[in-house]
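Heads up, the thing below is written out as structure tokens.
The values are calculated or read from the model by the stated rules, or taken from the named source; none is laboratory data. Every value quoted in this text rests on a predicted model; they were computed, and no experiment measured them. Glycine gets a Cβ as well: all are built from the backbone with ideal geometry, and neighbour counts include every protein chain shown. These area figures cover heavy atoms from the full protein model, side chains too; ligands, DNA and RNA do not enter into them. Shrake-Rupley method; radii C 1.70, N 1.55, O 1.52, S 1.80 Å.
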Amino acid sequence: MLTIALMEQAPADVRVGREMTIKLDERNRPEPDLLLTTATYDGDRTWFTPDEVRLVIEVVSPESAHRDRTVKLRKYAEAGIPHYWCVEDEDGAPVVHVYELDEPTGRYAPAGIFRGTLERPVPFEITLDLDKLTPPSGT
């Protein structure tokens, strides 16, 4: 549902990607849950460079929590990716931790924790009804 919501609001030059890695360097090619890119898709392409990625989104699970909250947060910032979101489950509802790259330090700065509605002016004007992103209970 998040993929569709982002696709509906993304500008024409931005694409929502899944199942693609980001080549941070020769030894690091993480595969985020979602990413927004300005790169052109090619059927043979399996990765993007950090400068082609505008936003990385990780959906935190018990198995990925440490990596998503610490390791990937650091690596994506060091690579210069301007925006990073961690989507967490909070009592069955999504909560999104939003980070923006602070260029002078090369680290992410917290830009907000969103429940219910997420409104951001970057990487483009976006408004998400977070409660609509989860299926109704029992489905």
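How large is the Kirkwood hydrodynamic radius of the chain, in angstrom, based on all distinct alpha carbon pairs? Provide the component values of the computation, followed by the final result.
Values: mean 1/r = 0.0647 Å⁻¹.
Kirkwood radius, the chain: 15.5 Å.
State in Å² the accessible area per residue of the chain; use a 1.4 Å probe, count heavy atoms of protein chains only, and round to the nearest integer. Provide the component values of the computation, followed by the final result.
Working: 8060 Å² over 139 residues.
Averaged over the residues of the chain, the accessible area is 58 Å².
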Q. Mind checking which lysines have their C-alpha under 22 Å from Lys23, skipping anything on the same chain fewer than 8 residues away?
A. Lys72, Lys75
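Looking only at the stretch 1-133, where both bridge partners belong to it, what percent of the DSSP beta bridges are antiparallel (to the nearest 5)?
Values: 28 of 35 bridges.
That works out to approximately 80 percent antiparallel.
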Q.
Give me the net charge for the shell around Pro121: Cβ to Cβ below 14 angstrom, other residues only, Lys and Arg +1, Asp and Glu -1.
A. -1
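Hey, got the dipole for the chain? About the Cα centre, +1 on K and R Cβ, -1 on D and E Cβ, debye to the nearest 20?
Working: 16 positive and 26 negative charges, 54 e Å.
Dipole magnitude for the chain comes out near 260 debye.
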Q.
With a 1.4 Å probe and all protein chains kept in place, how much accessible area does Val96 have, in Å² rounded to the nearest 10?
A. 10
Q) What list of ³J(HN,Hα) values in whole Hz, one per residue of the stretch 48-61 in order, does the Karplus curve 6.51 cos²θ - 1.76 cosθ + 1.60 (θ = phi - 60°) give from phi, with Gly and Pro shown as x? A) 10, 8, x, 5, 8, 9, 9, 8, 10, 10, 10, 9, 6, 10
Q. At a 1.4 Å probe, what is the % contribution of carbon and sulfur to the accessible area of the chain?
A. 49
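Rounded to the nearest 500, what is the chain's calculated 222 nm mean residue ellipticity when only DSSP H runs of at least 4 contribute -39500 (n - 2.57) each, over all residues? Working shown, then result.
On the way: 2 runs with 15 residues, N = 139.
That comes out to -3000 deg cm²/dmol.
For the stretch 9-115, which trypsin sites (Lys or Arg not before Pro) are both in a DSSP coil and crowded by at most 14 other Cβ atoms within 10 Å?
Those that pass, being in a loop and sparsely packed, are Arg18, Arg27, Arg45.
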**Q.** Accessible area (Å², 1.4 Å probe, nearest 10) - His66
**A.** 130
